[in-house]
Structure formats: C-alpha cells, structure tokens
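Following: one structure in structure tokens, then a few remarks.
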Amino acid sequence: MNSAFVQLLKNNLEHASEFERRFDEVQDAQHPDVVTVCCSDSRVLQDHIWGNDQPGRIFTCANIGNRVMQQTDAGEVVAGDVLYPVEHTGTDTIVVVGHTGCGAVTATYDFLTVGGSEPAGIEHCINLLKPHLKGGVEALPPDIDRGAAVNRLVEYNVDQQVEFLRGSEEIPAEADVIGVVYDFQDVYGGKRGEVHVINVNGERTVAALREAEPDIDARIGRLWEY
C-alpha cells in the first residue's frame, strides 16, 4: 500500500486519541457558526487557517475556484454544500476564501485570454468561473503582468461569489457574507498564511470597510479597487 496513505492512517490514530472526547456535544447534531467556501488547493488548510480544532464549529466546503454556485436545469443556483448549513443547521455567516496564485483563476484567465484545453471535468469547473471573471479580465490594465493579473482576479472572483450569494433568494437577507483572501505568497505584505478581508456584505472599498469594521481594521486590505 502507498506509504503516504499508511502514514495518514498512523496520524489518524493520534487524531482519534486527541479528539475522542471532543465529539461528545456534536455526535447527534451540528450547528456550525460559519460555513467557509475554500479552494480545494492542498496548500489551503481550512480549519488550520482559523486555528480551529473543535468539531462542529465550521462547516467546510472546498472546490476548484472557491465557487458558491452550481449549474442545474434551472440555471445557476447556490451550491448544495454551501446552502445546506444555511438551510438546515442555523448557520448565518458565509465566508468565501480565495487564495493568492489560485490555479483555477489562472486557468480561467488563460482560457479567457489565449484559450486552453483541459479534461472535461476540469473544463466544466472553468466554464462555471468564466462568465463571472470575464468582466474582471476586461477591466485589467493592458500592461499588467500575468502574476499580478491573476491575484487581482482572485479578489474579483471572491467579490463575484459574494455578490452571487447576496443576490440569491435562497440566502436570508440577514446572513453575513464575507470575502477574504488567504496569502501564502507574500502578495499582501503581511505574514504568510494571513487572511485579508476584502468584502463584507458587498462593501469592498477599503476605507469604508475600515470605518465600518474597526475591530478588524488591520486585517482589511485589497490589491484592486475597481
């Protein structure tokens, strides 16, 4: 058997020993405070981002490009994994987590600018992102380099996901929808692994966010105000 998986099993024994009693209060039901929607990039460790080691606190969703929508016969709707905790467990805060250097955003940027080809499953995910990123690509400065373009589009993508949720009748009006970017590439100038808040309930102007949210002033900041 693959040695990496064997090691995972050994690590799980340590996890089970440490966590055994932590499931006492959530064995039969869950009522997470927050649902997070992250990219499924292996460098984005969802619970670790927030220092969480308590089962039942965060409902974690992950996919290529931290998308909140899925395509159905009825058109685009809020993805079931995002909607479930809002609909069934009383969760009223949704956090969309983009990350610097996102491969899904990079691929979508390439498809929109020079074209591309991917296996059908991957291309399906890119096609879900394309209509939401097209406006951001068109708004980029003409002389911007590829890396900077991608990281601006990471923010744009987060904004688009936030707006989709806020515009959906399936999400209660009183729910908080927050957009952040997780930086492990030294793009924002803080420590590697810091989360930077870029959108709160549709507000994405840094000055307005800092005035409205003084408790997190130091964590607010974005690369691109468009």
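The values are calculated or read from the model by the stated rules, or taken from the named source; none is laboratory data. What you see is a predicted model, and the numbers here were worked out from it, not measured in a lab. Note that we place each Cβ from the backbone using ideal geometry, even for glycine, and neighbour counts take in every protein chain shown. Accessible surface is based on the protein model in full, side chains and every heavy atom, while ligands, DNA and RNA are left aside. Shrake-Rupley method; radii C 1.70, N 1.55, O 1.52, S 1.80 Å.
Some values worked out for this structure:
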item	result
Segment 31-52 residues that are farther than 15 Å from ILE178 by Cα, paired with ones that are loosely packed, with under 14 Cβ neighbours inside 10 Å (beta carbon under 6 Å, 6 or more apart)	HIS31/GLY90
First in segment 71-89 and closer than 13 Å to THR36 by Cα, second anywhere and open to solvent by less than 20 Å² (accessible area, probe 1.4 Å) and in a helix (DSSP H, G or I), Cβ under 9 Å, 6 or more apart	VAL82/LEU165
Scope segment 111-132; condition in contact (Cβ under 8 Å) with a residue 24 or more places away in the chain and farther than 17 Å from VAL77 by Cα; matching residues	LEU112, THR113, ILE122
Residue ID - surrounded by the most Cβ atoms within 10 Å (Cβ to Cβ), chosen from residues in segment 168-202 that are in contact with a helix residue (DSSP H, G or I) (Cβ under 8 Å, 6 or more places away or on another chain) and farther than 25 Å from VAL44 by Cα	ILE171
Complete set of residues in segment 97-124 that are open to solvent by 60 Å² or more (accessible area, probe 1.4 Å) and hydrophobic (A, V, I, L, M, F, W, C)	VAL114, ALA120, ILE122
Condition met for ILE178 (closer than 12 Å to VAL95 by Cα, aliphatic (A, V, I, L, M) and not in a helix (DSSP H, G or I))	yes
Residue satisfying all of: in segment 55-94; under 18 Å from GLY167 (Cα atoms) and charged (D, E, K, R); surrounded by the most Cβ atoms within 10 Å (Cβ to Cβ) among these	ARG67
Subset of segment 203-212 (residues that are surrounded by fewer than 18 Cβ atoms within 10 Å (Cβ to Cβ) and in a helix (DSSP H, G or I))	VAL206, ALA207, ALA208, ARG210, GLU211, ALA212
